[in-house]
Amino acid sequence: MRFSLRQLYIFEAVSRHLSYTRAAEELHLTQPAVFAQVKQLEDSIGMPLLERIGKQLHLTPAGREVLVTSRETRDSLERLEMRLADMQGLKRGRLRIAIVTTTKYLIPRLLGEFCTQHPGIEAALTVTNREKVLARLTENIDDLVVLGAPPEHLDVVAMPIADNPLVVVARHDHPLASKKKISLKRIAAEPFLLREPGSGTRLAVERHFARHGLAPRVRMELGSNEAIKQAIAGGLGISVLSGHTLTLEGDSGLLTTLDVAGFPLMRQWFVAYPAGKHLSAVAEAFLTYLLSDAKNRRRRDGAGSPVPPQ
Ligand code: PGA
């Protein structure tokens, strides 16, 4: 059997997503390149590793075995890399972070500053929704993740790093824009733009409406905060988004927040990792950096301030 580590890593990503396309997106490769690598791996093993039943991709029994070995190989090489990097302190090393989309208004900047201070560190940042961040956390793929609320069903270490206020967003000329203390019931009557399933923002919105015996009148589901903002600007409806999507990105005055009873919904962002995980020296250093930035911000803005640094 002759195959490469790269083929094992590609196969691991395809197995995790059960999709060549999504694995290609994650790995920044083309779908045919990913397909070809998996095919070569199958040829050298001499057995199919994946099979398509209907539209769904499944692992074969041989595929499940190869997946276990791929993960063990990856983990043990990463441990080796970590031990070697730890011997060099912060001079070298790799940092793998996954964050939920709303935190992209904060974390990349902090990661950028950290990497500037430690130029030998190679960082990889994945920005995706809550469900996918949780899947990565379960599979112990990243050094650290940043997400909207610590998962209840996983044993993790989680520390709050910033407030995340959810606000009701409408186009600046919306009839409710000038109203005060609008009821949630009134908001529930408006055409609503909802994030995709798996989004933490969506979960928080649905739970909030449900707590009041209501549900939003969904006009459209969209897969990103930016798409929702464009749809609001296009007059398709209103939505609930993290206030950071407005404060830090700028919206050329097209969007406004509505004064709705019970809003902003206060959430928090947490940095987390699986309980019992041994953090590398680099991950420890970045964690300390995040926590000290959070402390400085709280001191500067006063506890409970919802607005991060701009
Ligand atoms: P998300 O971010 O909506 O992109 O999943 C979520 C969160 O703040 O939990």
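The values are calculated or read from the model by the stated rules, or taken from the named source; none is laboratory data. What you see is a predicted model; the values in this text were computed from it and never measured. Heads up, the Cβs are rebuilt from the backbone with ideal geometry, glycines too, and the neighbour counts pull from every protein chain shown.
So, in region 247-273, of the ones that are hydroxyl-bearing (Ser, Thr, Tyr) and surrounded by 20 or more Cβ atoms within 10 Å (Cβ to Cβ), which residue ends up nearest to the ligand (Cβ to nearest atom)?
Per the criteria, the residue is Tyr273.
Given (1) out of contact with any helix residue (DSSP H, G or I) (no Cβ under 8 Å at 6 or more places or on another chain); (2) within 11 Å of the ligand (Cβ to nearest atom); (3) small (Gly, Ala, Ser), identify the lone condition not met by Ser199.
Of the numbered conditions (1) out of contact with any helix residue (DSSP H, G or I) (no Cβ under 8 Å at 6 or more places or on another chain); (2) within 11 Å of the ligand (Cβ to nearest atom); (3) small (Gly, Ala, Ser), the odd one out for Ser199 is (1).
Being closer than 17 Å to His174 by Cα and either within 23 Å of the chain's Cα centre (by Cα) or hydroxyl-bearing (Ser, Thr, Tyr) (or both) is the filter here, so list the residues in region 195-231 that pass it. Walk me through it before giving the result.
Looking only at region 195-231, we keep the residues that are closer than 17 Å to His174 by Cα, and these are 217, 219, 228-231.
Across region 195-231, the qualifying residues are Ile228, Lys229, Gln230, Ala231.
Considering only residues that are part of a helix (DSSP H, G or I), in contact (Cβ under 8 Å) with a residue 12 or more places away in the chain and either within 11 Å of the ligand (Cβ to nearest atom) or over 17 Å from Asn129 (Cα atoms) (or both), which ones fall in region 227-246?
Residues of region 227-246 that are part of a helix (DSSP H, G or I), as a first pass: 227-233, 244-246.
If we keep only those that are in contact (Cβ under 8 Å) with a residue 12 or more places away in the chain as well, we get 228-229, 231-233, 244-246.
Ile228, Ala231, Ile232, Ala233, His244, Thr245, Leu246, listed by residue number.
Check whether at least one residue in region 83-104 is in a loop (DSSP other than H, G, I, E, B), surrounded by 15 or more Cβ atoms within 10 Å (Cβ to Cβ), in contact with a Gly (Cβ under 6 Å, 6 or more places away or on another chain) and at pLDDT 95 or above, and report yes or no. Working first, answer last.
The first filter runs over region 83-104 and keeps only residues in a loop (DSSP other than H, G, I, E, B), leaving 88-92.
From what is left, the residues that are surrounded by 15 or more Cβ atoms within 10 Å (Cβ to Cβ) are 90, 92.
Now drop any that are not in contact with a Gly (Cβ under 6 Å, 6 or more places away or on another chain), which leaves 92.
Filter once more, keeping what is at pLDDT 95 or above: none.
Looking for residues that are in a loop (DSSP other than H, G, I, E, B), surrounded by 15 or more Cβ atoms within 10 Å (Cβ to Cβ), in contact with a Gly (Cβ under 6 Å, 6 or more places away or on another chain) and at pLDDT 95 or above, one finds none in region 83-104, hence no.
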